[in-house]
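Before any comments, here is the structure.
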Amino acid sequence: MINYETYLTEKNILTFEESLEIYNQLAIENDFNDETTKMLWNKLIESAVSYAAIRSRWHLYSREERMEKDAGRTASHNAFISSLNMFCRFQQKNGLSTAWREKLGDEKDCRKKIGDFACFIAYIYGINAR
């Protein structure tokens, strides 16, 4: 059984509260009436949900299935990181704060943490779709 308390004992994690803070920083300053903002945001959300779907099933797969699906999982994770970076560059270009990106960390050292954030985004969108 996997639980949140076990997760919190691991290194380089993102708590629910930290995830919410980053998400709010990401969303609060943007003009969602702007077409480019909407397009980049939707790409970010779609890539987060896609990656989270794969990651959430990971413990259900056999070892063989994991080996078979690993390249696709990595590609999906990379797509999410790319969408985050594109959104960050867009915000920088428009003079908006990108402190949220720094909190997620470098993709070389914080891939799991960034993946955790994708799962948080999928959670927020899933809950709000009721």
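The values are calculated or read from the model by the stated rules, or taken from the named source; none is laboratory data. Note that the structure is a prediction, hence the values are computed from the model and not measured. Quick reminder, even Gly has a Cβ in these numbers, built from the backbone with ideal geometry, and neighbours come from all protein chains shown.
Any idea which of (1) more than 22 Å from Phe90 (Cβ to Cβ); (2) of a type outside the set (A, V, I, L, M, F, W, C); (3) part of a loop (DSSP other than H, G, I, E, B); (4) touching a helix residue (DSSP H, G or I) at 6+ places or on another chain (Cβ under 6 Å) is the one Asn30 doesn't satisfy?
For Asn30, the failing item is (1).
Given the options Phe87, Phe117, Phe80, name the one that is under 13 Å from Ser19 (Cβ atoms) and either assigned to a helix (DSSP H, G or I) or touching a Cys at 6+ places or on another chain (Cβ under 6 Å) (or both).
Result: Phe117 is the single residue among Phe87, Phe117, Phe80 that is under 13 Å from Ser19 (Cβ atoms) and either assigned to a helix (DSSP H, G or I) or touching a Cys at 6+ places or on another chain (Cβ under 6 Å) (or both).
Note down all Cβ pairs under 8 Å where the first residue falls in the stretch 89-104 and is touching a residue at least 60 places away in the same chain (Cβ under 8 Å) and under 17 Å from Thr15 (Cα atoms), the second is among the aliphatic types (A, V, I, L, M) and not in a helix (DSSP H, G or I), and they're at least six residues apart or on different chains.
Between residues of the stretch 89-104 that are touching a residue at least 60 places away in the same chain (Cβ under 8 Å) and under 17 Å from Thr15 (Cα atoms) and residues that are among the aliphatic types (A, V, I, L, M) and not in a helix (DSSP H, G or I), the close pairs are Leu104/Leu14.
Regarding the stretch 53-64, can at least one residue be identified that is among the acidic types (Asp, Glu) and surrounded by 10 or more Cβ atoms within 10 Å (Cβ to Cβ)?
no
Could you check the stretch 36-52 and list, in sequence order, the residues that are of a type outside the set (S, T, N, Q) and either touching a Pro at 6+ places or on another chain (Cβ under 6 Å) or surrounded by 14 or more Cβ atoms within 10 Å (Cβ to Cβ) (or both)?
Scanning the stretch 36-52 gives Leu40, Trp41, Lys43, Leu44, Ile45, Glu46, Ala48, Val49, Tyr51, Ala52.
Results for (1) among the small types (Gly, Ala, Ser); (2) at pLDDT 95 or above; (3) under 20 Å from Tyr125 (Cα atoms), shown as yes or no for each residue.
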position: Leu8; (1), (2), (3): no, no, no
position: Asn78; (1), (2), (3): no, yes, no
position: Ile81; (1), (2), (3): no, yes, yes
position: Leu96; (1), (2), (3): no, no, no
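Would you confirm whether any residue within the stretch 28-35 is out of contact with any Ser or Thr (no Cβ under 9 Å at 6 or more places or on another chain) and surrounded by 11 or more Cβ atoms within 10 Å (Cβ to Cβ)?
yes
Would you please name the residue that is farthest from Gln91 (Cα to Cα), looking only at residues in the stretch 2-16 that are surrounded by 11 or more Cβ atoms within 10 Å (Cβ to Cβ) and aliphatic (A, V, I, L, M)?
Ile13
Go through the residues of the stretch 87-108 one by one and say whether even a single one is within 25 Å of Tyr4 (Cα to Cα), of a type in the set (Gly, Ala, Ser) and in contact with a helix residue (DSSP H, G or I) (Cβ under 7 Å, 6 or more places away or on another chain).
Yes; the residues of the stretch 87-108 include at least one that is within 25 Å of Tyr4 (Cα to Cα), of a type in the set (Gly, Ala, Ser) and in contact with a helix residue (DSSP H, G or I) (Cβ under 7 Å, 6 or more places away or on another chain).
Being touching a Leu at 6+ places or on another chain (Cβ under 7 Å), within 15 Å of Phe117 (Cα to Cα), surrounded by 18 or more Cβ atoms within 10 Å (Cβ to Cβ) and not acidic (Asp, Glu) narrows it down to one of Ser83, Ser19, Ser76, so name that one.
After ruling out the rest, the residue left standing is Ser83.
Could you check how many residues of the stretch 110-130 are within 21 Å of Asn78 (Cα to Cα) and over 15 Å from the mean Cα position of the chain (by Cα)?
0
Among the residues of the stretch 42-69, count how many are in a helix (DSSP H, G or I), more than 13 Å from Phe80 (Cβ to Cβ) and not polar (S, T, N, Q).
Looking only at that region, the number is 11.
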